[in-house]
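Data block below; observations after.
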Amino acid sequence: MTVAGAATFSISGSAGTSGATVTAGSFSATSDASSNYTLAGLAAGTYTVTPAKSGCTFSPASQSVTIGTANVTGKNFTASCPTGDVALTSGVAVTGQSVAASAWKYYSIAVPSGATNLTLATTSATGDVDIYTQSGAKPTSSSYVCRPYGSTGNESCSATNPAAGTWWLGVYGYAAGSFTVTGTYTLGGTTYSISGSAGTASATVTAGTKSATSDASNNYAITGLAAGTYTVTPTKSGCTFSPASASVTITTASVTGKNFTATCGGGAVTLFTDGFESAGWSFANVSGTTGYWTLAASGTHPSASPHGGTKLAAFNSYTAAAGVQKRMYRTAGFSVASSYSTVSLKFWMYHDTGYSTNADQVQAQVSTNGTTWTNVGSAISRYSATAGWTQATIDLSAYKGQTVYLAFVGISAYGNDVYLDDVTVTGQ
């Protein structure tokens, strides 16, 4: 109900990616090309703000926002949207995709036995992209089972009684363009899916007789559903969920963005995690100009491999003059609820035995506005009598109830390079 003349307010911030749908109650907005969103026309009250975009996960999954007498700004999220091969869920559109001219991008879908039809398609294309399909292997320009070769970029390939196994869709940039991808199979009749975030990993999410288990990024997808109304319910030992369940009606399309918030029996909740696998970090000079951070596949001085994943963050103390300092920082913050008892920053740092008198260091920093930085914990030395990765832990409990931005300052003493990996912030 809207009362004429009553004051209304807005909630705004960054969704962490463009084309995300951000909801608060019955209100929603789509993030723009700069990842910004604004939810307008809201009455005073408390709202759960939730971003959603196919193929992406968000940190935090949602935020509780209370509006009193003024608009609320700076409610930011960090989005992780993989850029490699993308696994499709039947009936679930993957938006915000793009391919460069003369380049390929691949999508796979696992087709079960008994499927009567498979349709792979691109829609909402902005350029002339071409699709190729293949069973069991990625298609090429000379090896495929279907190639419409249209001129609009909106193309579709269907297979009757497709072979069970992995089917591939290759999108080739005849010209550069963006598009939406869908892969849908039918099992003796049209089926749909319900997907979203369970709010925690390894939760069982049920809808009627169907169920799914949320993955490490908290996402779930219940497939093989007929049209109808379902009560979607997440469960996990030691956890409570908000809402406890959700009523979802499927008519002619799969339903996405059905998200839950989980509170799990005093266990640690991950508020932020990053393994330096992709973009999201910016860099600034603190002292001197010769130092720099890079996201690298390995280290040379000394030789080191990532602690996890395929990349690490490296600061070039080996070639930077002593005293040079370079900040690596996040441009998007994350919310730390005031309800946590403790909040901890943890990250892995590589130590080595070289240049024992050259005290290259890393200093962790925190900001509440993205521009003014404060040291947290003590600077950590690169040199150690024992080489290898060691995890550092820093208390961030003083920042409960605030939006937090992270940074690391590399401090060169002209010794060996400094390596970091696998940063997490947890609340408990």
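Residue 13 fulfils the conditions (1) crowded, with 21+ Cβ neighbours inside 10 Å; (2) in contact (Cβ under 8 Å) with a residue 24 or more places away in the chain; (3) among the small types (Gly, Ala, Ser); (4) touching a strand residue (DSSP E or B) at 6+ places or on another chain (Cβ under 6 Å) except for a single criterion, (4). Scanning the stretch 153-179 for residues that are of a type in the set (Phe, Trp, Tyr) and not in a strand (DSSP E or B) yields a single hit, 174. Look at the stretch 16-42 and say how many of its residues are assigned to a strand (DSSP E or B) and either touching a Phe, Trp or Tyr at 6+ places or on another chain (Cβ under 8 Å) or free of Cβ contacts under 8 Å to residues at least 60 places away in the same chain (or both). So the answer is 13.
For the stretch 328-341, a residue qualifies if it is at pLDDT below 95 and either more than 17 Å from residue 60 (Cβ to Cβ) or small (Gly, Ala, Ser) (or both), and the qualifying residues are 332, 333, 335, 337, 338, 339, 341. The set of residues from the stretch 222-255 being touching a Pro at 6+ places or on another chain (Cβ under 9 Å) and part of a loop (DSSP other than H, G, I, E, B) comprises 244, 245. Consider the stretch 188-213 and keep the residues that are among the hydroxyl-bearing types (Ser, Thr, Tyr) and modelled with pLDDT under 85. The one that is farthest from residue 269 (Cα to Cα) is 190.
Between 172, 185, the distinction of being within 30 Å of residue 142 (Cα to Cα) and at pLDDT below 90 belongs to 185 only. Residue 295 meets all of the listed conditions (1) over 26 Å from residue 73 (Cα atoms); (2) in contact (Cβ under 8 Å) with a residue 24 or more places away in the chain but one, namely (2).
Scanning the stretch 80-105 for residues that are in a loop (DSSP other than H, G, I, E, B) and not small (Gly, Ala, Ser) turns up 81, 82, 83, 85, 88, 89, 92.
One residue stands out in the stretch 263-277 among those that are in a loop (DSSP other than H, G, I, E, B) and either at pLDDT below 85 or touching a helix residue (DSSP H, G or I) at 6+ places or on another chain (Cβ under 7 Å) (or both): the one that is farthest from residue 417 (Cα to Cα), namely 265.
Taking the listed residues 355, 340, the one that is farther than 27 Å from residue 280 by Cα and not assigned by TED's automatic domain parsing to the domain that holds residue 63 is 355, with no other qualifying.
Within the stretch 106-146, being in contact (Cβ under 8 Å) with a residue 40 or more places away in the chain and not in a strand (DSSP E or B) holds for 112, 113, 114, 115, 116, 124, 125, 126, 127, 128, 129.
The values are calculated or read from the model by the stated rules, or taken from the named source; none is laboratory data. No experiment lies behind these values; they were computed from the predicted model shown. Note: ideal-geometry Cβ built from the backbone for every residue, glycine included; neighbour counts use all protein chains shown.
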